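Everything below concerns the one structure shown next.
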Amino acid sequence: MDVLILGAGFSGAAIARRLLPAAASVTGTTRSAERQKALADMGLEALIYDGETISAELRAAMQRVTHLVQSIAPGKAGDPLMRPDRPDVASLMPNLRWAAYLSTVGVYGDHKGAWVTEDAPLDPVSDRSKERVQAEQAWLELGQAADIPVAVLRLSGIYGPGRNGFCNLANGTARRLVKPGQVFNRIRVEDIAGSVAFLSESGTGGIFNVTDDEPAPPQDVVLEAARLMGVTPPPEIPFETAELSPMARTFYGENKRVSNAKLRAAGYTFLHPEYRQSLRQMWNDDCWKS
(Lines give C-alpha, C1' and ligand atoms only; values in the text may rest on other atoms or scores of the structure.)
Protein backbone atom coordinates (compact mmCIF):
# COMPACT_ATOMS: atom_id res chain seq x y z
CA MET A 1 0.00 0.00 0.00
CA ASP A 2 1.44 3.34 -1.13
CA VAL A 3 -0.41 6.19 0.56
CA LEU A 4 -0.70 9.84 -0.44
CA ILE A 5 -2.30 12.33 1.94
CA LEU A 6 -3.08 15.63 0.31
CA GLY A 7 -3.20 18.14 3.14
CA ALA A 8 -1.45 16.42 6.05
CA GLY A 9 -2.69 18.78 8.75
CA PHE A 10 -4.17 17.84 12.12
CA SER A 11 -6.32 15.01 10.73
CA GLY A 12 -3.97 14.06 7.90
CA ALA A 13 -1.02 13.64 10.25
CA ALA A 14 -3.07 11.39 12.53
CA ILE A 15 -4.05 9.29 9.50
CA ALA A 16 -0.39 9.08 8.50
CA ARG A 17 0.64 7.87 11.96
CA ARG A 18 -2.03 5.18 11.82
CA LEU A 19 -1.11 3.96 8.32
CA LEU A 20 2.70 4.22 8.50
CA PRO A 21 3.38 0.80 10.10
CA ALA A 22 1.51 -1.15 7.42
CA ALA A 23 2.25 0.97 4.35
CA ALA A 24 5.08 0.58 1.89
CA SER A 25 5.26 4.38 1.79
CA VAL A 26 3.30 7.36 3.09
CA THR A 27 3.62 10.75 1.42
CA GLY A 28 2.03 13.86 2.88
CA THR A 29 1.70 17.37 1.48
CA THR A 30 1.72 20.73 3.20
CA ARG A 31 1.94 24.39 2.23
CA SER A 32 4.79 25.40 4.58
CA ALA A 33 8.44 24.47 4.91
CA GLU A 34 8.12 24.38 8.71
CA ARG A 35 5.29 21.88 8.52
CA GLN A 36 7.22 19.92 5.88
CA LYS A 37 10.03 19.34 8.38
CA ALA A 38 7.57 18.21 11.07
CA LEU A 39 6.02 15.67 8.69
CA ALA A 40 9.45 14.43 7.62
CA ASP A 41 10.37 13.94 11.28
CA MET A 42 7.29 11.69 11.57
CA GLY A 43 8.69 9.45 8.85
CA LEU A 44 6.69 10.71 5.89
CA GLU A 45 7.92 11.73 2.51
CA ALA A 46 6.88 15.36 2.97
CA LEU A 47 6.22 17.53 -0.07
CA ILE A 48 5.12 21.11 -0.61
CA TYR A 49 1.80 21.48 -2.44
CA ASP A 50 -0.19 24.71 -2.52
CA GLY A 51 -3.17 23.24 -4.32
CA GLU A 52 -1.98 24.74 -7.58
CA THR A 53 1.41 23.50 -8.81
CA ILE A 54 2.15 19.77 -8.93
CA SER A 55 5.91 19.38 -8.55
CA ALA A 56 7.91 16.64 -10.19
CA GLU A 57 8.29 14.95 -6.80
CA LEU A 58 4.54 15.06 -6.13
CA ARG A 59 3.79 13.81 -9.64
CA ALA A 60 6.10 10.84 -9.01
CA ALA A 61 4.29 10.09 -5.73
CA MET A 62 0.97 10.29 -7.55
CA GLN A 63 2.17 7.82 -10.16
CA ARG A 64 2.78 5.12 -7.55
CA VAL A 65 -0.03 5.86 -5.07
CA THR A 66 -2.55 3.09 -4.42
CA HIS A 67 -4.47 4.72 -1.55
CA LEU A 68 -5.31 8.43 -1.53
CA VAL A 69 -6.65 10.67 1.25
CA GLN A 70 -7.79 14.07 0.02
CA SER A 71 -8.01 16.54 2.92
CA ILE A 72 -7.57 19.88 1.14
CA ALA A 73 -10.58 22.19 1.31
CA PRO A 74 -12.01 23.02 -2.12
CA GLY A 75 -12.39 26.81 -2.05
CA LYS A 76 -14.33 28.89 -4.57
CA ALA A 77 -12.49 27.35 -7.53
CA GLY A 78 -13.43 23.84 -6.47
CA ASP A 79 -11.40 20.83 -5.42
CA PRO A 80 -7.76 21.32 -6.49
CA LEU A 81 -7.70 18.01 -8.38
CA MET A 82 -11.13 18.37 -9.99
CA ARG A 83 -10.85 21.69 -11.77
CA PRO A 84 -11.32 21.70 -15.57
CA ASP A 85 -7.79 23.02 -16.18
CA ARG A 86 -6.10 20.25 -14.16
CA PRO A 87 -4.76 16.90 -15.42
CA ASP A 88 -7.12 13.96 -15.21
CA VAL A 89 -6.87 12.15 -11.86
CA ALA A 90 -6.85 8.74 -13.56
CA SER A 91 -3.75 9.69 -15.56
CA LEU A 92 -2.06 11.31 -12.55
CA MET A 93 -2.70 8.23 -10.39
CA PRO A 94 -2.80 5.17 -12.67
CA ASN A 95 -2.35 2.70 -9.77
CA LEU A 96 -5.05 4.14 -7.51
CA ARG A 97 -7.19 1.45 -5.86
CA TRP A 98 -9.04 3.38 -3.13
CA ALA A 99 -9.60 7.01 -2.16
CA ALA A 100 -11.04 8.90 0.79
CA TYR A 101 -12.40 12.42 0.62
CA LEU A 102 -12.59 14.22 3.98
CA SER A 103 -15.73 16.33 4.06
CA THR A 104 -17.87 17.81 6.83
CA VAL A 105 -21.25 17.31 8.48
CA GLY A 106 -21.82 20.95 7.53
CA VAL A 107 -23.16 19.68 4.21
CA TYR A 108 -26.43 18.78 5.99
CA GLY A 109 -27.12 22.35 7.05
CA ASP A 110 -29.66 23.00 9.80
CA HIS A 111 -32.08 20.23 10.80
CA LYS A 112 -33.53 21.93 13.91
CA GLY A 113 -31.84 19.44 16.24
CA ALA A 114 -33.19 16.34 14.48
CA TRP A 115 -31.11 13.23 13.84
CA VAL A 116 -29.52 12.96 10.40
CA THR A 117 -28.08 9.98 8.57
CA GLU A 118 -26.11 9.81 5.32
CA ASP A 119 -29.42 9.72 3.45
CA ALA A 120 -30.64 13.05 4.87
CA PRO A 121 -31.22 15.87 2.38
CA LEU A 122 -28.30 18.26 2.00
CA ASP A 123 -29.03 21.92 2.65
CA PRO A 124 -25.66 23.58 3.31
CA VAL A 125 -25.77 27.08 4.74
CA SER A 126 -22.23 28.43 4.36
CA ASP A 127 -20.35 28.81 1.10
CA ARG A 128 -17.63 26.50 2.39
CA SER A 129 -20.18 23.72 2.99
CA LYS A 130 -21.70 24.26 -0.46
CA GLU A 131 -18.24 23.87 -1.94
CA ARG A 132 -17.85 20.61 -0.02
CA VAL A 133 -21.06 19.23 -1.54
CA GLN A 134 -19.73 19.91 -5.03
CA ALA A 135 -16.36 18.34 -4.18
CA GLU A 136 -18.03 15.25 -2.68
CA GLN A 137 -20.03 14.76 -5.86
CA ALA A 138 -16.95 15.16 -8.04
CA TRP A 139 -15.06 12.49 -6.11
CA LEU A 140 -17.99 10.08 -6.10
CA GLU A 141 -18.38 10.54 -9.86
CA LEU A 142 -14.67 9.91 -10.33
CA GLY A 143 -15.01 6.67 -8.39
CA GLN A 144 -17.90 5.53 -10.55
CA ALA A 145 -16.15 6.44 -13.79
CA ALA A 146 -12.85 4.80 -12.82
CA ASP A 147 -14.44 1.87 -10.93
CA ILE A 148 -12.53 2.81 -7.76
CA PRO A 149 -14.14 2.75 -4.30
CA VAL A 150 -14.29 6.31 -2.95
CA ALA A 151 -15.19 6.87 0.71
CA VAL A 152 -16.62 10.29 1.54
CA LEU A 153 -16.10 10.87 5.26
CA ARG A 154 -18.32 13.56 6.74
CA LEU A 155 -16.49 14.72 9.85
CA SER A 156 -17.98 16.52 12.84
CA GLY A 157 -16.02 18.92 15.09
CA ILE A 158 -12.46 17.62 15.26
CA TYR A 159 -10.49 17.55 18.51
CA GLY A 160 -7.74 15.54 20.14
CA PRO A 161 -4.31 15.91 21.73
CA GLY A 162 -3.19 19.49 21.19
CA ARG A 163 -6.66 20.72 20.22
CA ASN A 164 -9.25 20.37 22.97
CA GLY A 165 -11.06 21.99 25.89
CA PHE A 166 -8.08 21.56 28.22
CA CYS A 167 -5.91 23.59 25.84
CA ASN A 168 -8.56 26.29 25.61
CA LEU A 169 -8.87 26.48 29.40
CA ALA A 170 -5.08 26.60 29.79
CA ASN A 171 -4.62 29.44 27.30
CA GLY A 172 -7.67 31.40 28.43
CA THR A 173 -9.74 31.08 25.25
CA ALA A 174 -12.44 28.71 26.57
CA ARG A 175 -15.99 30.12 26.56
CA ARG A 176 -19.31 28.65 27.61
CA LEU A 177 -21.75 30.00 25.03
CA VAL A 178 -25.31 28.97 25.80
CA LYS A 179 -27.93 28.71 23.08
CA PRO A 180 -30.95 26.73 24.36
CA GLY A 181 -31.42 23.48 22.45
CA GLN A 182 -28.12 23.77 20.57
CA VAL A 183 -26.02 20.61 20.24
CA PHE A 184 -22.94 19.64 18.28
CA ASN A 185 -21.29 16.36 17.45
CA ARG A 186 -17.55 15.99 17.70
CA ILE A 187 -14.92 13.41 16.78
CA ARG A 188 -11.50 12.48 18.18
CA VAL A 189 -8.83 12.73 15.53
CA GLU A 190 -7.71 9.16 16.30
CA ASP A 191 -11.15 7.92 15.22
CA ILE A 192 -10.80 9.75 11.92
CA ALA A 193 -7.53 7.89 11.42
CA GLY A 194 -9.11 4.66 12.59
CA SER A 195 -12.04 4.94 10.20
CA VAL A 196 -9.72 5.67 7.26
CA ALA A 197 -7.61 2.62 8.14
CA PHE A 198 -10.71 0.45 8.55
CA LEU A 199 -12.31 1.47 5.26
CA SER A 200 -9.06 1.37 3.28
CA GLU A 201 -8.20 -2.13 4.50
CA SER A 202 -11.51 -3.47 3.19
CA GLY A 203 -11.55 -1.25 0.10
CA THR A 204 -14.93 0.16 1.12
CA GLY A 205 -16.47 3.15 -0.60
CA GLY A 206 -19.58 5.21 0.06
CA ILE A 207 -20.63 8.06 2.32
CA PHE A 208 -20.03 7.75 6.07
CA ASN A 209 -20.62 10.08 9.00
CA VAL A 210 -17.51 9.98 11.18
CA THR A 211 -18.76 11.31 14.48
CA ASP A 212 -19.24 10.43 18.12
CA ASP A 213 -22.28 8.85 19.76
CA GLU A 214 -23.44 11.82 21.78
CA PRO A 215 -24.37 15.21 20.33
CA ALA A 216 -24.08 17.59 23.28
CA PRO A 217 -24.36 21.28 24.18
CA PRO A 218 -20.90 22.83 23.73
CA GLN A 219 -20.96 24.44 27.18
CA ASP A 220 -21.28 20.99 28.77
CA VAL A 221 -18.02 19.87 27.16
CA VAL A 222 -16.19 22.93 28.54
CA LEU A 223 -17.67 22.26 31.98
CA GLU A 224 -16.47 18.63 31.94
CA ALA A 225 -12.96 19.64 30.88
CA ALA A 226 -12.82 22.19 33.71
CA ARG A 227 -14.04 19.59 36.21
CA LEU A 228 -11.33 17.13 35.20
CA MET A 229 -8.72 19.88 35.22
CA GLY A 230 -9.79 21.12 38.63
CA VAL A 231 -10.24 24.71 37.51
CA THR A 232 -13.11 27.16 37.69
CA PRO A 233 -15.08 27.04 34.43
CA PRO A 234 -15.64 30.28 32.52
CA PRO A 235 -19.02 31.92 33.10
CA GLU A 236 -21.96 31.14 30.86
CA ILE A 237 -22.51 33.69 28.08
CA PRO A 238 -25.91 33.94 26.37
CA PHE A 239 -25.53 33.37 22.64
CA GLU A 240 -27.62 36.46 21.85
CA THR A 241 -25.15 38.82 23.55
CA ALA A 242 -21.91 37.02 22.65
CA GLU A 243 -19.34 38.67 20.40
CA LEU A 244 -18.85 36.22 17.54
CA SER A 245 -17.33 36.30 14.10
CA PRO A 246 -19.76 35.88 11.19
CA MET A 247 -18.34 32.38 10.62
CA ALA A 248 -18.91 31.35 14.25
CA ARG A 249 -22.44 32.75 14.22
CA THR A 250 -23.17 30.74 11.06
CA PHE A 251 -21.80 27.65 12.79
CA TYR A 252 -24.30 28.10 15.62
CA GLY A 253 -27.06 28.52 13.04
CA GLU A 254 -26.85 24.80 12.25
CA ASN A 255 -28.35 22.40 14.79
CA LYS A 256 -28.48 18.65 14.20
CA ARG A 257 -27.71 15.31 15.75
CA VAL A 258 -25.52 13.27 13.42
CA SER A 259 -25.76 9.48 13.47
CA ASN A 260 -22.74 7.19 13.10
CA ALA A 261 -24.90 4.04 12.80
CA LYS A 262 -23.80 3.30 9.22
CA LEU A 263 -20.10 3.25 10.07
CA ARG A 264 -20.76 1.11 13.15
CA ALA A 265 -22.85 -1.30 11.07
CA ALA A 266 -19.94 -1.61 8.63
CA GLY A 267 -17.87 -2.94 11.54
CA TYR A 268 -15.91 0.02 12.85
CA THR A 269 -15.54 0.28 16.65
CA PHE A 270 -14.95 3.81 17.92
CA LEU A 271 -11.99 4.34 20.24
CA HIS A 272 -13.58 7.43 21.80
CA PRO A 273 -17.36 7.18 21.39
CA GLU A 274 -18.31 10.11 23.65
CA TYR A 275 -16.66 13.25 25.01
CA ARG A 276 -16.58 12.31 28.72
CA GLN A 277 -14.59 9.13 28.15
CA SER A 278 -12.39 10.90 25.63
CA LEU A 279 -11.55 13.86 27.87
CA ARG A 280 -10.94 11.54 30.81
CA GLN A 281 -8.50 9.45 28.79
CA MET A 282 -6.55 12.50 27.61
CA TRP A 283 -6.36 13.89 31.15
CA ASN A 284 -5.46 10.62 32.85
CA ASP A 285 -2.82 9.77 30.24
CA ASP A 286 -1.51 13.36 30.23
CA CYS A 287 -1.61 13.46 26.43
CA TRP A 288 -3.89 16.48 26.02
CA LYS A 289 -1.11 18.93 25.20
CA SER A 290 0.15 17.11 22.10
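Here are the numbers for this structure:
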read-out: Within the chain: Cβ-based charge dipole about Cα centre, in debye rounded to nearest 20 (Lys, Arg +1; Asp, Glu -1); value: 380
read-out: Residue of LEU96, LEU19, LEU271 that the Gaussian network model of the chain assigns the largest fluctuation, springs spanning Cα pairs under 10 Å; value: LEU271
read-out: Helix runs (DSSP H) in the chain reaching 15 Å along axis by Cα, Kyte-Doolittle at least 0.5; value: 189-202
read-out: GluC sites (Glu not before Pro) lying in DSSP loop within the stretch 30-93, provided at most 14 other Cβ fall within 10 Å; value: GLU52
read-out: Share, in percent, of DSSP beta bridges within the stretch 150-282 that are antiparallel, nearest 5; value: 15
read-out: Between the stretch 72-134 and the stretch 246-290, the Cα center-to-center distance that results, in Å; value: 21
read-out: Listed residue pairs exceeding 28 Å between alpha carbons, taken from LYS130/LYS179; LYS37/LYS256; LYS130/LYS256; LYS76/LYS289; value: LYS37/LYS256; LYS76/LYS289
read-out: Mean Cα-pair separation over length for the stretch 33-168, i.e. relative contact order, pairs under 8 Å, 6 or more apart, %; value: 22
read-out: Answer label for semi-axes √(5λ) of the Cα gyration tensor in Å (calculated), chosen among [x] 45, 21, 17; [y] 32, 22, 18; [z] 43, 22, 14; value: [y]
read-out: Helix-only CD estimate at 222 nm, as mean residue ellipticity for the chain, using -39500 (n - 2.57) per DSSP H run (n ≥ 4); value: -11000 deg cm²/dmol
read-out: Carbon plus sulfur fraction of accessible area for the chain, probe 1.4 Å, in percent; value: 52
read-out: Burial ranking of peptide ranges 194-200, 71-77, 222-228 (average Cβ count within 10 Å, highest at the top); value: 194-200, 222-228, 71-77
read-out: Counting DSSP beta bridges with both ends in the stretch 60-215, the antiparallel % (nearest 5); value: 5
read-out: Choice from MET62, MET229, MET247 showing the highest fluctuation, given a GNM over the chain with Cα pairs closer than 10 Å; value: MET247
read-out: Relative contact order of the chain, defined on C-alpha pairs under 8 angstrom at six or more residues apart (%); value: 19
read-out: Spatial separation of Cα centroids for the stretch 142-187 and the stretch 210-240, in angstrom; value: 14
read-out: Antiparallel DSSP beta bridges within the chain, as percent of all bridges there, nearest 5; value: 5
read-out: Of the GluC sites (Glu not before Pro) in the stretch 231-276, those whose Cβ has at most 11 other Cβ within 10 Å and which sit in DSSP loop; value: GLU243
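The values are calculated or read from the model by the stated rules, or taken from the named source; none is laboratory data. Keep in mind the model is a prediction, meaning the values are calculated, not measured. Note that each Cβ is placed from the backbone with ideal geometry, even for glycine, and that neighbours are counted across all protein chains shown. Please note that ligands, DNA and RNA were not included when accessible areas were found on the heavy atoms of the full protein model with its side chains. Shrake-Rupley method; radii C 1.70, N 1.55, O 1.52, S 1.80 Å.
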